[in-house]
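The values are calculated or read from the model by the stated rules, or taken from the named source; none is laboratory data. Remember, predicted model here, so these are calculated numbers, not experimental data. Cβ coordinates were reconstructed from backbone atoms using ideal geometry, including for glycine residues, and neighbour counts include every protein chain displayed.
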Amino acid sequence: MPAKSLSLSAVTAGLALVSLIAAAQPPAPESVGYMLDPSWPKMPPGTYFGTLPSFPTPQERAAEAQAHPPRAYRSFNEEFAAEQRQPGVSGLAIDARDHIYVFNRGAKPVMVFDREGNFIRAGADQVINGKKLDPNWVHSGTVDRQGNVYVIEREADRIVKLNPTLDKFLMQIGVTNQPGTDATHLNLPSGIAVLKSGNIVVTDGYGNSRVVLYDRDGKFIRQIGKGAGGPADKGTGPGEWNLPHKLALDANENLYVCEETNARIQVLDKNLNFLRILPNAGWVPWDFAISLKGDEGYGFVADYQHERVVKISLTDGHVLAAWGREGRGPGEFDWIHEIVVDSKGAVYAGDTYGQRVQKFVPVAKNFVGAPIAHH
């Protein structure tokens, strides 16, 4: 998609207003737009997300694809992935203090900021349970209510749990570099959420085809999937999977699981019982965000297919807002892969190839600004 040219004043202002529908008091989800906060994050000198030099832009990748027909642009992107050329931001999480955890394919696998963008700490670059994390394959993670941090090292088939200051190893799920489909092994895991009870839900999606429930100590409780949930057990029915990717929890601890290849969102209860499938709006959902409070009735999809954020109703999937397109400009995304929302309603979205995180702040629909995000 061609990038939209922007005025210097628009870029400077960082405004990304989305025009939406009728307002109400208190504001209904449809009456709220979002604008870019260009001050987030405030990176310490010498630090950056991902790697240097930066990854080729969409235009550069498109030119390479055109120079090597008949390879399509999207398939050409997948070839970069096969070559393990996927630097940048890979996951986001948020804690009760609105601290945003950036899971980073770079020198520091975990970087932590407050909601104003101030840098708090970074770490997880030490040897953890006998192995350093491979920065190329830190896929995502989460934070529990005690502030402990879970990091998915996808290619090592493991998830490690660290203390809040990232300097102490606490637990591991999966056996390092040993893929499997039983109670103790994982196979290229993709996403994770922690329930109020401390139970842990893992989308074991790139190698296996299952969603797994563990107790707080990492002991297997049950799973949901077709057959054994192994690599060959892909399916399209309720409770079946073809690359369950990442997930989010609502106030009732229902699980909203993004399925990459089936391009849908399945909803489960906290015991992994199937509830429903949200209607497919033509997206490829890579991540889903619901506030920690979780009772607002809406969530945000990171839609890879259209490189955008989609705000939807949790009950029926009705689209309430959407913004973004492919590119590296303000309000644009290059492989949007992760998303969270803070207690004030601000949305943080990261793009892997773009090697950045952007913050979008809710505003009333009649706010006047430069429309650089697109409905």
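With V151, V138 as the choices, which residue is in contact with a Leu (Cβ under 8 Å, 6 or more places away or on another chain), under 23 Å from F288 (Cβ atoms), assigned by TED's automatic domain parsing to the domain that holds Y214 and not charged (D, E, K, R)?
On the way: V138 fails: in contact with a Leu (Cβ under 8 Å, 6 or more places away or on another chain).
Being in contact with a Leu (Cβ under 8 Å, 6 or more places away or on another chain), under 23 Å from F288 (Cβ atoms), assigned by TED's automatic domain parsing to the domain that holds Y214 and not charged (D, E, K, R) holds for just one of V151, V138, which is V151.
With the condition kept exactly as written, say whether any residue in the range 278-288 is outside the structural domain of A28 (by TED's automatic domain parsing), in contact (Cβ under 8 Å) with a residue 40 or more places away in the chain, closer than 25 Å to G205 by Cα and surrounded by fewer than 19 Cβ atoms within 10 Å (Cβ to Cβ).
No: the range 278-288 contains no residue that is outside the structural domain of A28 (by TED's automatic domain parsing), in contact (Cβ under 8 Å) with a residue 40 or more places away in the chain, closer than 25 Å to G205 by Cα and surrounded by fewer than 19 Cβ atoms within 10 Å (Cβ to Cβ).
Name the single residue, out of those in the range 32-66 being within 20 Å of G324 (Cβ to Cβ) and of a type in the set (S, T, N, Q), that is modelled with the highest pLDDT.
Only one residue tops the list, namely S39.
So Q305 fits all but one of (1) in contact with a Lys or Arg (Cβ under 8 Å, 6 or more places away or on another chain); (2) farther than 21 Å from T142 by Cα; (3) in the same structural domain as G91 (by TED's automatic domain parsing); what number is the exception?
(1)
If only one of P244, P238 is surrounded by fewer than 22 Cβ atoms within 10 Å (Cβ to Cβ) and closer than 19 Å to R276 by Cα, which one is it?
P238
Out of (1) more than 18 Å from the chain's Cα centre (by Cα); (2) surrounded by fewer than 17 Cβ atoms within 10 Å (Cβ to Cβ); (3) part of a loop (DSSP other than H, G, I, E, B), the odd one out for G229 is which?
Result: G229 fails condition (2) only.
I'd like the full set of residues that are within 23 Å of L170 (Cα to Cα) and either charged (D, E, K, R) or not in a strand (DSSP E or B) (or both), limited to the range 197-226.
Across the range 197-226, the qualifying residues are S197, G198, N199, D204, D215, R216, D217, G218, K219, R222.
Here is a list of conditions, (1) outside the structural domain of V357 (by TED's automatic domain parsing); (2) among the β-branched types (V, I, T); (3) more than 16 Å from V211 (Cα to Cα); (4) in contact (Cβ under 8 Å) with a residue 40 or more places away in the chain, and I265 meets all of them except one; can you say which number that is?
Only one criterion is unmet by I265, namely (3).
Tell me which residues, restricted to the range 124-147, are buried (at least 16 other Cβ atoms within 10 Å of the Cβ) and part of a strand (DSSP E or B).
I128, V138, H139, S140, G141, T142, V143
Would you check which residues across the range 86-123 are assigned to a strand (DSSP E or B) and among the basic types (K, R) and list them?
Across the range 86-123, the qualifying residues are R105, R121.
Working only within the range 332-375, note down all residues that are at pLDDT 95 or above, small (G, A, S) and under 20 Å from P87 (Cα atoms).
A349, G350
Here are some conditions: (1) charged (D, E, K, R); (2) over 23 Å from I94 (Cβ atoms); (3) exposed (fewer than 15 other Cβ atoms within 10 Å of the Cβ). E116 meets all but one. Which one does it not meet?
(2)
Taking only the range 209-226 into account, find how many residues are surrounded by fewer than 18 Cβ atoms within 10 Å (Cβ to Cβ) and touching a strand residue (DSSP E or B) at 6+ places or on another chain (Cβ under 8 Å).
7
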